[in-house]
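Notes for the one structure printed next.
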Amino acid sequence: MASATVQSGRHGPPGGPPGKGPARINRNAGTWFLVLPALIPILVLSVGPLLYGVALAFTDAQSGRTRTTQWVGALNFQDLFHDGLFWDSFRIGLVWAVGVTVPQFVLALGLALLLNQNLRMRWLARALAIIPWAMPEVVVGIMWRLVYNPDAGILNETIRDLGLGDGRDWLTGLATALPAVVVVGVWAGMPQTTVALLAGLQNTPHELHEAAALDGAGAWRRFRTVTWPALRPVALSITALNFIWNFNSFALVYVLTNGGPGGRTRLPMLFAYEEAFRYGQFGYAAAMGCVMVAVISVLLAVYLVGRLGGGEGR
């Protein structure tokens, strides 16, 4: 009897090994029950519209209640690949994304290094540095339209006061519109990059800097051998995310120029918006969205492969 009791204690209750059966099923059901409240909004608001947009790209959907939608296969994509205006907007989007992301990172790195120093009123400087991040893009766009105003804008007024000329219309000039918008994009997005880099700097052990200083390393050498290796994972992550965010920009450029003048600031998202809501070509606009999602997916895959292939360990 004792032997049977010991064996029962060793091998558990009858009905299979532990971890299987009704108990495990109940645990899995409980886990899914806890996950569902967060999963349902993602499925309804993100995955569902994405799949609907992909399906829409293979139809001739247009605006109008009386229009019938028909399946056209890859016809929208064939037209898209021969659409010079779309590829012009795609080129402008790449120029915009690179032109904003690179200066954004360089300036944010310098600001993060400055805010990481033991300065007086550092808390105030950090609070002021993130103000552009807290402002909605529409408000930022309206504010900078006032700055760039050709008649009473602060930029042209400053140019006139310094005797450098009469100023110019920055947002409607063919040569100045895109650079002017890039400046706004850098200003608006720099705070989030600064916060991320500042967090990475504060996680770098101070003892490493002290040891390098005792070895006679100067400021540049300490940055190259101590600061940058510790900051590299954060820098790669925030740069990749910034590039994706900037490439998908819409509200800021829409408020500033609405894609003008002459399409010089028409980003891919603006072009797709016009096709869908100005011209009513929903199927064609959905095809543009699919192409942009594919491009972003490729960029993300390249980034993840680089990180998993050894970027984290360097």
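A few notes on this one:
- Evaluation of residue 64 against the conditions (1) open to solvent by 70 Å² or more (accessible area, probe 1.4 Å); (2) part of a loop (DSSP other than H, G, I, E, B) shows that the sole unmet condition is (1).
- Looking across the stretch 190-204, just one residue is open to solvent by 60 Å² or more (accessible area, probe 1.4 Å) and in a loop (DSSP other than H, G, I, E, B), and that is 203.
- Among the candidates 239, 225, residue that is modelled with pLDDT under 85, among the hydroxyl-bearing types (Ser, Thr, Tyr) and within 27 Å of residue 106 (Cβ to Cβ): 225
- Helices (runs of 4 or more DSSP H) wholly inside the stretch 233-307 containing at least 3 residues that are farther than 25 Å from residue 192 by Cα: 268-277, 282-306
- Some residue of the stretch 144-153 being free of Cβ contacts under 8 Å to residues at least 60 places away in the same chain, open to solvent by less than 70 Å² (accessible area, probe 1.4 Å) and of a type in the set (A, V, I, L, M, F, W, C): yes
- Picking from residues in the stretch 115-141 that are open to solvent by 90 Å² or more (accessible area, probe 1.4 Å) and within 25 Å of the chain's Cα centre (by Cα), the one that is farthest from residue 172 (Cα to Cα) is 128.
- Condition check for residue 159: surrounded by 10 or more Cβ atoms within 10 Å (Cβ to Cβ), within 23 Å of the chain's Cα centre (by Cα) and among the hydrophobic types (A, V, I, L, M, F, W, C): no
- Among residues of the stretch 67-82, those that are surrounded by 12 or more Cβ atoms within 10 Å (Cβ to Cβ) and touching a Ser or Thr at 6+ places or on another chain (Cβ under 9 Å), counted: 3
- In the set 47, 6, only one residue is at pLDDT below 90 and open to solvent by 70 Å² or more (accessible area, probe 1.4 Å); that residue is 6.
- If the condition is being without any contact (Cβ under 8 Å) to a residue 24 or more places away in the chain and among the hydrophobic types (A, V, I, L, M, F, W, C), then the stretch 56-109 contributes 71, 74, 75, 81, 87, 102, 106.
- Residue, farthest from residue 127 (Cα to Cα), within the stretch 205-232, restricted to residues that are assigned to a helix (DSSP H, G or I) and charged (D, E, K, R): 221
- Close pairs from the stretch 280-306: first over 16 Å from residue 72 (Cβ atoms) and of a type in the set (Ser, Thr, Tyr), partner open to solvent by less than 60 Å² (accessible area, probe 1.4 Å) and at pLDDT 85 or above, Cβ under 6 Å, at least 6 apart: 303/240
The values are calculated or read from the model by the stated rules, or taken from the named source; none is laboratory data. Predicted model only: the values in this text are computed from it and were never measured. In this analysis, Cβ positions are derived from the backbone assuming ideal geometry, glycine residues included, and neighbour counts consider all displayed protein chains. These area figures cover heavy atoms from the full protein model, side chains too; ligands, DNA and RNA do not enter into them. Shrake-Rupley method; radii C 1.70, N 1.55, O 1.52, S 1.80 Å.
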